[in-house]
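Enquirer: Below: one structure in structure tokens.
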Amino acid sequence: MKADCRLYLVTPPALEPAAFAVDLAAALDAGDVACVQLRLKDVDDDTVRRAIDVLRPIAQSREVAFILNDHPRLARETGCDGVHVGQADTPYREARKIMGAEAIVGVTCHDSRHLAMVAGEDGADYVAFGAFFPTGTKETEHRATPDLLTWWQEMMEIPCVAIGGITPENCGDLVRAGADFLAVVSSIWHHPEGPGAAVRAFNKAIAEA
Ligand SMILES: Cc1ncc(COP(=O)(O)OP(=O)(O)O)c(N)n1
Ligand SMILES: Cc1ncsc1CCOP(=O)(O)O
Ligand SMILES: [Mg+2]
């Protein structure tokens, strides 16, 4: 068992804030969740701001970190706890300057040991590897394997996040390999019994891994 692996919820790429707020609260009230990433795609800044205004307090009032995808300036302006940047986004160092030393800044590293070491040495708070499994949420070019997580754990103190097609049924190998966080979209928000049931299923699978 690796009890210190935790859930990292990532929102659907499009959502209506008031309706999604109900799902988010249900997910966070169902069990252990470390953080929530607001990941909206193909929307303008005001739409992101409106979603932050509604969703950030739901996470932060429960002591769950609220991280914004892609937009360090907006994250800083709106009181998010951190930002996640990919290799085609604002570079890590610039994101860190915008966010300040105390904020969480995470970096996508795909399946690359090199990218992860660079991000780690630059001061990233976590590195994210993926996609581990096929996913319909994002077109992915890279496929990571669990040995990458084990290698990282043996080398570095900085936490690693696993992402891509993760379900309660397939997450055991990632937990045992050393993932500190499992980042999940569809298995949470599309769970047939709702997001609360999904969080409970993940918490159980992690505890039993
Ligand atoms: C935790 C986590 N890991 C990876 C990603 C992917 O980021 P990126 O490569 O920038 O792709 P987009 O999510 O921006 O489409 C992520 N968002 N979160
Ligand atoms: C944002 C992202 N980056 C790599 S895979 C992915 C999508 C993960 O979504 P899901 O958990 O639905 O596969
Ligand atoms: Mg990005």
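Each value in this text was obtained by applying a stated rule to the coordinates, not by laboratory testing. Because the structure is a prediction, the values reported are computed rather than measured. Every residue, glycine as well, gets a Cβ built from its backbone with ideal geometry; the counts of neighbours run over all protein chains shown.
Enquirer: Using the C-alpha atoms of the chain, what convex hull volume per residue, in cubic angstrom, is computed? Please report the intermediate quantities before stating the final value.
Expert: On the way: hull volume 22.8 nm³, N = 209.
Hull volume over Cα atoms, normalised by residue count, gives 109 Å³.
Enquirer: Hey, what number do you get for the chain at 222 nm if only DSSP H runs of n ≥ 4 count, each worth -39500 (n - 2.57), divided across all residues, to the nearest 500?
Expert: The per-residue figure over the chain is -12500 deg cm²/dmol.
Enquirer: With +1 on each Lys and Arg Cβ and -1 on each Asp and Glu Cβ, how big is the dipole of the chain about its Cα centre, in debye rounded to the nearest 20?
Expert: On the way: 19 positive and 31 negative charges, 17 e Å.
Taking the Cα centre of the chain as origin, the dipole is about 80 debye.
Enquirer: List the longest stretch of the chain that has no exposed loop site; here a site is one of the GluC sites (Glu not before Pro) assigned by DSSP to anything other than H, G, I, E or B, with at most 13 other Cβ within 10 Å.
Expert: Within the chain, the longest run free of exposed GluC sites (Glu not before Pro) spans 1-62.
Enquirer: Under 17 Å Cα-Cα from LYS138, which aspartates and glutamates qualify once same-chain neighbours fewer than 8 residues away are excluded?
Expert: Within the straight-line cut-off, LYS138 pairs with ASP42, ASP70, ASP89, ASP111.
Enquirer: Place a point 7 Å from Cα of ASP46 in the direction of its Cβ. Which residues in region 10-26 have their backbone N less than 18 Å from it?
Expert: Answer for this model: 15-18.
Enquirer: Between GLU121 and THR145, what is the label-point separation in nm under the 7 Å Cα-to-beta-carbon projection?
Expert: Spacing of the two 7 Å Cα→Cβ label points: 2.6 nm.
Enquirer: So, one more: Grab the beta carbon distance between VAL22 and ASP173, set R0 = 35 Å, and tell me the FRET efficiency rounded to 0.05.
Expert: Once the sixth-power term is evaluated, E becomes 0.60.
Enquirer: How large is the Rg to Rh ratio of region 143-189 when both quantities use alpha carbon positions and Rh follows Kirkwood?
Expert: Here the Rg-to-Rh quotient is 0.97.
Enquirer: So for TRP151, TRP189, fewest C-beta neighbours within 10 Å to most, what's the order?
Expert: The fewest-first ordering by Cβ neighbours comes to TRP151, TRP189.
Enquirer: What is the Å³ per residue value for the convex hull set by the Cα atoms of region 1-104? Can you show the working numbers first?
Expert: Values: hull volume 11.9 nm³, N = 104.
Here the figure is 115 Å³ per residue.
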